[in-house]
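The values are calculated or read from the model by the stated rules, or taken from the named source; none is laboratory data. These numbers were taken from a predicted model, which means no experiment stands behind them. In this analysis, Cβ positions are derived from the backbone assuming ideal geometry, glycine residues included, and neighbour counts consider all displayed protein chains. The accessibility values were calculated without ligands, DNA or RNA, using every heavy atom of the protein model including side chains. Shrake-Rupley method; radii C 1.70, N 1.55, O 1.52, S 1.80 Å.
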Amino acid sequence: MDAPIHDAPALTRHIETRYHARHREQLPTLAAMAARVEDVHFGDDGVPEGLSTLLLEMADEMEAHMKKEEAFLFPAIRAGGMPDIDQPIAVMRADHAGHETDVARIRQLTADLTLPAGACSTWTRLYAGLEEFIIDLTEHMRLENEVLFPQFEPHAAA
């Protein structure tokens with residue numbers, strides 16, 4: 001990232017271009033691969049049944065989340081904040097908790113991204129892509145929760 005991490009306007013732009021754009025690419029591709037694995041390997045040991053549905057639901061949830069940030073919260077942050085900004089930030093934090101629950105479900109369905117013996121190339125690419133997605137999403141949420149949002153939330157009295 002080129003801008004200092006505490007430069008809130010630059011950080012919002014970085015999040016949009018690095019993480020929002022990337023998640024929009026990742027999730028549909030991963031969902032399609034998961035559907036293929038679920039169809040081709042139906043009934044085989046270790047098939048992550050329901051993964052494609054979960055990923056499609058995540059894509060919808062994350063799209064709504066990212067649109068709220070891009071249309072409302074991030075412009076407010078770029079303008080230096082606004083009264084009661086802690087309320088939309090609380091909504092974003094709640095969404096992040098939901099994303100963490102979804103990641104836990106991905107790990108459950110995939111035996112923590114453990115491929116079965118003899119997994120096909122699509123299955124292998126799926127799990128590699130899921131690992132990359134989880135790493136990206138985790139860093140995305142960390143930047144918002146630990147770096148960006150605290151700059152605009154009232155601090156508890158010491």
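Screening region 121-152 for residues that are without any contact (Cβ under 8 Å) to a residue 24 or more places away in the chain and under 16 Å from the mean Cα position of the chain (by Cα) and picking the one that is most open to solvent (accessible area, probe 1.4 Å) gives E146. Look at region 98-119: where a residue is under 18 Å from E38 (Cβ atoms) and a partner is among the acidic types (D, E) and surrounded by 10 or more Cβ atoms within 10 Å (Cβ to Cβ), sitting 6+ places away or on another chain with Cβ atoms under 7 Å, you get L113/E131.
Before we move on, is T101 over 21 Å from the mean Cα position of the chain (by Cα), part of a helix (DSSP H, G or I) and surrounded by fewer than 17 Cβ atoms within 10 Å (Cβ to Cβ)? Here the answer is no, as T101 does not meet what is asked.
Considering the conditions (1) closer than 30 Å to F149 by Cβ; (2) free of Cβ contacts under 8 Å to residues at least 40 places away in the same chain; (3) not in a helix (DSSP H, G or I), G43 is excluded by exactly one of them, (1).
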